[in-house]
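Written below as structure tokens is the structure these notes are about.
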Amino acid sequence: MNYSSVIEGNSHIKNWPHLKNWVLMPLLILICAFLTNAIVIFFCGYNPIRTYIAALNVSFGSPSGIGETLVKSTPFLMTGLSVAIAFRCGIWNIGAEGQFLLGALAATWFGTKLAAYLPHTAWIGIPIGIGFSIVAGGMCGLISAVLKITRGVNEVISTIMLNYIAINLVSAMVDGGPLQEAAKTGSQSNPLYEWVKLPRLFEPHRIHPGIILAVILAVVLTYVLFRTTFGYRLRAVGEGPEAAQAAGISITRNTLYVFFLSGALAGLGGAIELMALAPHLTKNFSPGYGYTAIAVALLARLNPLATVASALLFGALTQGAFGMEAEVGISGKITWMMQAIILMFVVAATSLNYFQSKRSSES
């Protein structure tokens, strides 16, 4: 940050649009969303204030609650980073859900099959398992990139379709397929070998190294995207492809970079969730992390670092559902309604901002 510019005359006027976009707009979205949720909760016959207090206590009222909130925020953060990077670079990747699942599937294949033939040590098993997941998610992203570059296929359509392919592939692999558990008593895989699992940092809490890795990635990606030539080229392709091409920036090469990076982040998220927490890969492994990631990224204004706070909010909502259900008696499914309302306001604010920018450019 250039502090000298902040203390110059009229700096408050110059920085007002930045403050409005990054602080006031998300805050206004959250206020409107939580007020709307409160009204819905009230008409369902519950006390909104008591409901929110119960959710807050379960999410942040104890060390175990904070730990679980962090754990539940991690998949939102990884898939949110995936979507934020893609959207920021002008790529509408709606396929984080499928890429997340393929990352988990690759980690399962390695962790239940190939890992037995390698030295039984976590220093080898964990990095290789993560590597498989990164490649699986990245390759899934590259499929849409190739279709877009060679055939002009809209990435919204291709990534959505690949989601269904990934969902059904996971189902086929663990339900009668080659990755189903040996006992064949359920639609799930065998557990991963112990040397492929991420350790717990603070027993008996479930906090694991994947949380730290996700935050580090958010910081690194923010720096790369906004402070390096490579990041500038990626953003330039999304914000002005014609101008980027005129400046000698390869549209094709940078499109491939963005698709692979976005898919790799989501695939890594699937590996972390599986290797740290899940005993098995199941048909319903993801409750929709890749779709919620769109709201996470948009609420963060497509800033990787701000995605940390946005993911923490959604993690707290998920963890808070237990408190709302136990202390208030309201269904835990109300959390999905709350997330949907937040998404509704995020989309409305984003659309309004887009039309205002378009009107300003035309005038």
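The values are calculated or read from the model by the stated rules, or taken from the named source; none is laboratory data. Bear in mind that the values here come from a model prediction, so they are computed numbers and not experimental data. Using ideal geometry, Cβ is built from the backbone for each residue, glycine included, and neighbour counts are taken over all protein chains shown.
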Exercise. Within segment 103-127, count every residue that is closer than 23 Å to G177 by Cα and either assigned to a loop (DSSP other than H, G, I, E, B) or not aromatic (F, W, Y) (or both).
Key: 12
Exercise. Please find, within segment 231-284, the residue that is surrounded by the fewest Cβ atoms within 10 Å (Cβ to Cβ) out of those that are over 19 Å from I167 (Cβ atoms) and of a type in the set (D, E).
Key: E242
Practice problem: With the condition kept exactly as written, say whether any residue in segment 295-307 is under 16 Å from P75 (Cβ atoms) and surrounded by fewer than 19 Cβ atoms within 10 Å (Cβ to Cβ). | Solution: no
Quiz item: closer than 15 Å to A311 by Cβ and either out of contact with any Cys (no Cβ under 8 Å at 6 or more places or on another chain) or in contact (Cβ under 8 Å) with a residue 12 or more places away in the chain (or both) - does that describe any residue in segment 92-112?
Solution: yes
Practice problem: Check R235, R253, R206 and return the single one that is of a type in the set (K, R), out of contact with any helix residue (DSSP H, G or I) (no Cβ under 6 Å at 6 or more places or on another chain) and touching a residue at least 60 places away in the same chain (Cβ under 8 Å). | Solution: R235
Quiz item: Quick one: what pairs do we get from segment 270-281, first residue modelled with pLDDT of 95 or more, second among the aromatic types (F, W, Y), C-beta under 7 Å, 6+ apart or different chains?
Solution: G270/F100
Quiz item: Filter segment 94-127 for residues that are touching a strand residue (DSSP E or B) at 6+ places or on another chain (Cβ under 9 Å) and of a type in the set (S, T, N, Q); which is surrounded by the fewest Cβ atoms within 10 Å (Cβ to Cβ)?
Solution: T112
Exercise. Mind listing whichever residues of segment 252-288 are part of a helix (DSSP H, G or I), closer than 24 Å to I207 by Cα and out of contact with any Pro (no Cβ under 7 Å at 6 or more places or on another chain)?
Key: A264, L265, A266, G267, L268, G270, A271, I272, L274, M275, A276
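Table: residues versus (1) over 24 Å from G61 (Cβ atoms); (2) under 11 Å from the mean Cα position of the chain (by Cα); (3) among the polar types (S, T, N, Q).
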position	(1), (2), (3)
G269	yes, yes, no
E327	no, no, no
I330	no, no, no
I342	no, no, no
Q356	yes, no, yes
Quiz item: Which is within 30 Å of E181 (Cα to Cα) and in contact with a Cys (Cβ under 8 Å, 6 or more places away or on another chain), of G267, G288?
Solution: G267
Quiz item: Within segment 205-214, can one find any residue that is surrounded by 19 or more Cβ atoms within 10 Å (Cβ to Cβ) and farther than 17 Å from L265 by Cβ?
Solution: yes
Quiz item: Given V153, V170, which one is of a type in the set (A, V, I, L, M), more than 22 Å from T79 (Cα to Cα) and out of contact with any Asp or Glu (no Cβ under 7 Å at 6 or more places or on another chain)?
Solution: V153
Quiz prompt | Tally, over segment 289-345, of residues that are part of a helix (DSSP H, G or I) and either farther than 15 Å from V83 by Cβ or aliphatic (A, V, I, L, M) (or both) | solution = 39
Quiz prompt | Only one of A321, A316 that is modelled with pLDDT of 85 or more and more than 19 Å from the chain's Cα centre (by Cα) | solution = A321
